[in-house]
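We did not get these values from a lab; they are worked out from the coordinates using the rules stated. Computed from a predicted structure; not experimentally measured. Every residue, glycine as well, gets a Cβ built from its backbone with ideal geometry; the counts of neighbours run over all protein chains shown.
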Amino acid sequence: MSIRSNISAVYHAMQLAGKYPVPARMRVIRDYLSLYRAKGLRPEEYYEFEFEKRSEDFRRDFLGLDEQRYYLELLNPLKYMSLARNKFVAHKMLENTGVRTSELYCHYQPEGRYTVHSECAGNLAGVLRIMKAKGVQSCVIKTTESSHGDNVWVIKSIDYQDDDATLTRFDGQQLALSSVLGDEALVFESVVRQTAQFAAFNASSVNTVRFMTALYPDGSAKVIATFIKIGRAGRCVDNAGGGGNVDVCVDIATGEIQHAIQFDSWHKVKDIDCHPDSGSPLNGVIIENWDSIKAEVIRFQQAFPYCKAAGWDIAITDDGPVVIEVNDFWDRTGQFFIRRGWRDEIRECYLAWEQTGKDYSVGPQRLPLDDKKMAAKFR
């Protein structure tokens, strides 16, 4: 490492140590610097994941942000970023590869002005035309670029007027459609109905399973980690950062729920056996039809090769798994929930693609120009 990097690492180690009791500070400094040199661990990762308490296996297998970025630059190249991060684009891509998603009713894009289109609208009149024509009476509204459960409205009923509509949210609050349509692009989707088993965990939110998957050059794919995010009573989202704070590991082989926790914030985590609001059992529950669900998600990954290591948020319905969102760049918190790291699996996938000799991180090559005059003109 350079002198500057060493100085920076020592400075961050000292800042980190200040969060611990005085007798532990020198030990924390030495431990953090060792992990920083070995794997580029960030000080906030050391503190949040409580590395001073973790097993050697966890410490070795944890995938930190900086190392993750290195691998995903090849596996999920920047040129494909919008295919996962833009909810409208992702919806259309998945829909056209046979991946089951919620029904897309309308894409509101204020920067565009569509006159006649079955899905896209650039103003209030266009959105009303589409929603009325499809007879939409309930929906989910999301901003196209948000994540972590932010900017999601569950609309349980819609009262249409000639030039506007009254939306009633899941919590009873009413608002005009015109007040929702602003400068942000939005998608209007169908409300997903989860199975009775998943609704029993918490009925007010769609409780999604996060499937971490990896795709290999030979076309095979596998699930490398699974956990469920479960909402709290009266909240419509299941994300720990946006309302939900119950998280459970799922055994990949058996579908058994394990290690349930109530996650209020870092360093405020409590082991639980049942949901704190519904009282529904968690640990030991076997997810119904797990093998077929897992097989379908593997097929989803094979149908979406643009992200070779993906985090799928999957709703479990009576018709099978439904994609709520696909993530090309995911946070590290899931390693806390499943109590192990996934570095080896992501690295294995990275090395497999690296050995093909193809540079997936660059932009597409230009088509060859046979006309020399034309080529000279654009050179």
In what order do 287, 7 fall by count of nearby beta-carbon atoms within 10 Å, going from fewest to most?
7, 287
Can you put 88, 51, 188 in order, fewest other beta carbons within 10 Å first?
51, 88, 188
Kirkwood Rh, Cα Rg: Rg to Rh for the stretch 3-53?
0.93
Charge dipole of the chain about the Cα centre (unit charges at C-beta), most positive-ward option of 281, 11, 259
11
For the stretch 103-189, what class follows from the C-alpha gyration tensor (a ≥ b ≥ c being the square roots of its eigenvalues): rounded when a/c is under 1.5, otherwise prolate if a/b is larger than b/c, else oblate?
oblate
Which of the listed residues, 76, 110, 99, is farthest toward the dipole's positive end in the stretch 67-144, when Lys, Arg count +1 and Asp, Glu count -1 at the beta-carbon?
110
So what is the relative contact order of the stretch 3-53, in percent, for Cα pairs below 8 Å that sit 6 or more residues apart?
33
Hey, fewest Cβ within 10 Å first, where do 230, 293, 3 land in order?
3, 293, 230
About the Cα centre of the chain, how large is the charge dipole given +1 on each Lys and Arg Cβ and -1 on each Asp and Glu Cβ? Please answer in debye to the nearest 20.
1260
Nearest 20 debye, what's the magnitude of the dipole of the stretch 103-189 about its Cα centre given +1 on Lys and Arg Cβ and -1 on Asp and Glu Cβ?
240
What is the stretch 30-123 by shape, rounded, prolate or oblate, if you read a ≥ b ≥ c off the alpha carbon gyration tensor as root eigenvalues and call it rounded for a/c under 1.5, prolate for a/b larger than b/c, and oblate otherwise?
prolate
